[in-house]
Structure formats: structure tokens, C-alpha cells
Amino acid sequence: MKASRKAPERVAHPLRPVFDQRSRVLVLGTMPSPKSRETGFYYNHPQNRFWKVMAALFDEPLPASNDEKRALALRHGIALWDVLAECSIEGAADGTIAECVPNDLRLILDQAQVEAVFCTGAKATELYRKHCEPVTGRPAVRLPSTSPANAGTSLEQLVEAYRAIVPFTR
């Protein structure tokens, strides 16, 4: 029996961006997943490998709490947010995103010394290039998604791809 699709839902981004004045890298997803919205922090789906990648990149223990995750990102000059402030989406399926309203990335870019912008996945990159790059004037580098939907990419491959952010971190 085929699983039924979830009806599109209008979602407003509920999470504050993670950054400080020392942030040098901006990492953008599309919109927090239902699990991330429920738990109040970025990349919090149990099978999302973002925090495993970050821990491996910086040779640190895997952060467990939201506070530990925030501290790891800030310690290395990484700002976290998403391309979208609002959209219609079915569950966590980026392919269903419609009716987009972008975040105003100037909130971070005007306060931090961001040297590089990275997007996690094809959809985040596509949406950034369409909605944000014309405003920011900054190109973004596409990184593979750490989502469980991208199971064909191994943790080792993700870590290798994400090494691109390291030269911009502290």
C-alpha cells in the first residue's frame, strides 16, 4: 500500500537565525522540517546528518542539546538560517515547496562579517539563487543535503563536501 501524501501546509519559519558578529560562514537550508520546528532547532530530525558532519569536520563530540549545537556553530563562525521565511510545503518534502517568501538575509549580512554562503541541497540553492542572490549580490555554494531523503550520499561523502566551509571558519 502506497503511503498517502500529506496535504500542503502553509508554514511560517519559527526559528531565530543562529549567528553573532564573528560569523564568517552562512549555511542556509530551505525551511525547518516538522521535527526541527517541533524541537526548536535546525537539522533536528533524528536521521539528519548535519550535526554528525559538523562534529566530524571540527573533531568535536556530537552535540546533543540545542544549546550544544548552537555553541558548536558559533564557536566555528558558522551562522545558520534558511532561505525561506514562509512557504507551502507537504511535510518535509522540498520538492513540494511553493508560494515562497524569502528571509531577509540582511539581518545577518549587515551584522556579521560573512565571507561565504553555502546552501544545503539543490532546492535551497535554487531558491537562494532565485530569491536572495539578486538582493545580496553574493553567490552561494551548493552542498549536498544532509537530510535522510539524501540517503544515497554517505556520511564520509558529506564530510568531504562540507570541508569547503572550513577555510572560512575560525
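Every number in this text was worked out from the coordinates using simple rules, so none of it is lab data. These numbers come from a predicted model, not from an experiment. Neighbour counts run over all protein chains shown; Cβ positions are idealised from the backbone, glycine included.
Applying the Karplus parametrisation 6.51 cos²θ - 1.76 cosθ + 1.60 with θ = phi - 60° to the phi angles of the range 94-102, what ³J(HN,Hα) value in whole Hz is obtained for each residue in order, glycine and proline being reported as x?
Result, rounded to whole Hz: 4, x, 9, 4, 8, 6, 7, 10, x.
Please work out the FRET efficiency for the pair residue 141 and residue 39, using the Cβ-Cβ distance as r and a Förster radius of 30 Å; give the result to the nearest 0.05.
Plugging the Cβ-Cβ distance into 1/(1 + (r/R0)^6) gives 0.65.
Can you tell me the Rg and Dmax of the chain, counting just the alpha carbons, in angstroms?
15.2, 51
Only four residue types carry charge here, +1 at the Cβ of Lys and Arg and -1 at the Cβ of Asp and Glu. Report the dipole size of the chain about the Cα centre in Debye, rounded to the nearest 20. Numbers along the way, then the final one.
Numbers: 22 positive and 19 negative charges, 25 e Å.
Dipole about the Cα centre, nearest 20: 120 debye.
For residue 157 and residue 58, calculate 0.36 nm times their separation in residues minus their Cα-Cα distance, and state this gained length in nm to one decimal.
34.1 nm
Quote to one decimal, in nm, the extra length available between residue 12 and residue 96 on full extension: 0.36 nm per residue of separation minus the C-alpha distance between them.
Residue separation times 0.36 nm, minus the Cα-Cα distance, leaves 28.7 nm.
With the dipole of the chain worked out from charges on the C-beta (+1 for Lys and Arg, -1 for Asp and Glu) around the Cα centre, which of 150, 107, 74 lies farthest toward the positive end?
Selected residue: 150.
Apply the Karplus curve 6.51 cos²θ - 1.76 cosθ + 1.60, θ = phi - 60°, to the phi angles in the range 82-87 and return the couplings in whole Hz, x for Gly and Pro.
Listing the rounded values in order: 10, 5, 9, 8, 7, 6 Hz.
Excluding residues on the same chain fewer than 8 positions from residue 123, give the aspartates and glutamates whose Cα lies under 20 Å from its Cα.
9, 82, 86, 90, 94, 99, 104, 133
In nanometres, what is the gap between the two model label sites at residue 122 and residue 150, each 7 Å from Cα along Cα-to-Cβ?
That separation, rounded to one decimal, is 1.1 nm.
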